[in-house]
Amino acid sequence: MIRFIHLADVHLGAVPDRGCPWSHEREEEIWETFRRVIASVRRDPVDLLFIAGDLFHRQPLLKELKEVNYLFSTIPETRVFLMAGNHDYMKRNSFYRGFAWEPNVTFFDSEKMSCAYIEELQTFVYGMSYEHQEIKEPLYDSWQPEQEQGFHVLLAHGGDEKHIPMDAKKILSSGFTYLALGHIHKPQAMVRGKALYPGALEPIDRNDTGDHGYIEGSYDNGRMRLKFVPFASRSYQNLLLTLDETSTQYSLEEMLKGEILKRGGKNIYRLILRGRRAPEFILLTERLKKLGNIVEVLDESRPAYDLEELYRKYTGTLIGDYIGYFMGRELTVVEEKALYHGLQALLETSILN
């Protein structure tokens, strides 16, 4: 039986949420999670480790390559296969070029297809590296494995129009046993049981919601077993709170603190507010952001106005005309926001005058 780990999009060197109080912690956590993966392989060795591009968030420094290479040296029983993706692509003066890797590491150092063969495992690993930030040709669609028995793995990074587009039907019929994919940050299958994206090892930005980790797999006499292993130190989550007409700033803050306590103080939240709040309630978003790792506050709540009553009350005035313009129509999200924001401003002006 052949055991392997497939990860991608580690993005060492990234500084997520730059400018937020926790951003430098996140930079170090990305490195630490990668170290934890290597430590877990050291404790329980696997035969193969696939890293399907974007190990680094940008051009790697020489000292960073040496650090990664040292980590690989601590798992000598595991064969490591590595490629450069679109973020850490091999520029002309890239430190990737000519770097002396440990004996257990195979780095695909060209934008042309090559194949590495491990005789004792009857395993063929195919791959290439990006030498340009964008590659719009569907290079992988025409690749075919060797016509020999064994475990045939394609290490591939891309899947959108600017980064090696892929045709799922062609990939399904290609003849590769497994496609270790990278580039898409959310775990997903291009072809179930055959072509998988593990997603980013750690979430890199606020859109990388949900679990993050790597694929753990085994291959034995034609049978493949694959499972996703959550491994990130924290996650981005959408946190939805519903307001009503009794809600106040203080009650909202208490509700938010309770939800963060339940979900975990290390996680990073996009706070979404919905419901109908009292018209006089003024939301203080900066106070909410101080209660945890709140990367964004989206206020989708609405003032609890009775539009028909207000229209009758203010008929013949600017306020009545403004309400009348919107009434009886299917409003877009933008128009609905304009209605309530504008109405609130007009009513406050009317009270002051």
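The values are calculated or read from the model by the stated rules, or taken from the named source; none is laboratory data. Just so you know, these numbers come straight off a predicted model, no measurement behind them. Virtual Cβ from ideal backbone geometry, glycine too; neighbours counted across all protein chains shown.
For this structure, a couple of remarks:
- The condition of being assigned by TED's automatic domain parsing to the domain that holds VAL37 and out of contact with any helix residue (DSSP H, G or I) (no Cβ under 7 Å at 6 or more places or on another chain) does not hold for TYR250.
- Scanning the range 118-132 for residues that are under 26 Å from PHE56 (Cα atoms) and not charged (D, E, K, R), we see that the one that is surrounded by the most Cβ atoms within 10 Å (Cβ to Cβ) is GLY127.
- First in the range 9-20 and touching a residue at least 12 places away in the same chain (Cβ under 8 Å), second anywhere and among the small types (Gly, Ala, Ser), Cβ under 6 Å, 6 or more apart: ASP9/GLY182; ASP9/ALA200; VAL15/SER23; ASP17/SER23
- Considered as a group, the residues in the range 206-245 that are among the β-branched types (Val, Ile, Thr) and over 30 Å from PHE176 (Cα atoms) include one that is surrounded by the fewest Cβ atoms within 10 Å (Cβ to Cβ), and that residue is THR242.
- GLU102 more than 25 Å from LYS112 (Cβ to Cβ) and in the same structural domain as TYR126 (by TED's automatic domain parsing): no
- Number of residues in the range 97-133 that are over 25 Å from the mean Cα position of the chain (by Cα) and either among the basic types (Lys, Arg) or in a loop (DSSP other than H, G, I, E, B) (or both): the value is 14.
- Criterion violated by ARG79 - all others in (1) surrounded by fewer than 19 Cβ atoms within 10 Å (Cβ to Cβ); (2) more than 19 Å from GLY213 (Cβ to Cβ); (3) of a type in the set (Lys, Arg) satisfied: (1)
- Test: LEU226 is over 24 Å from ALA84 (Cβ atoms), at pLDDT 95 or above and of a type outside the set (Val, Ile, Thr): yes
- Members of the range 154-203 found to be within 17 Å of ILE51 (Cβ to Cβ) and either β-branched (Val, Ile, Thr) or outside the structural domain of ARG223 (by TED's automatic domain parsing) (or both), listed by number: ILE164, ILE184
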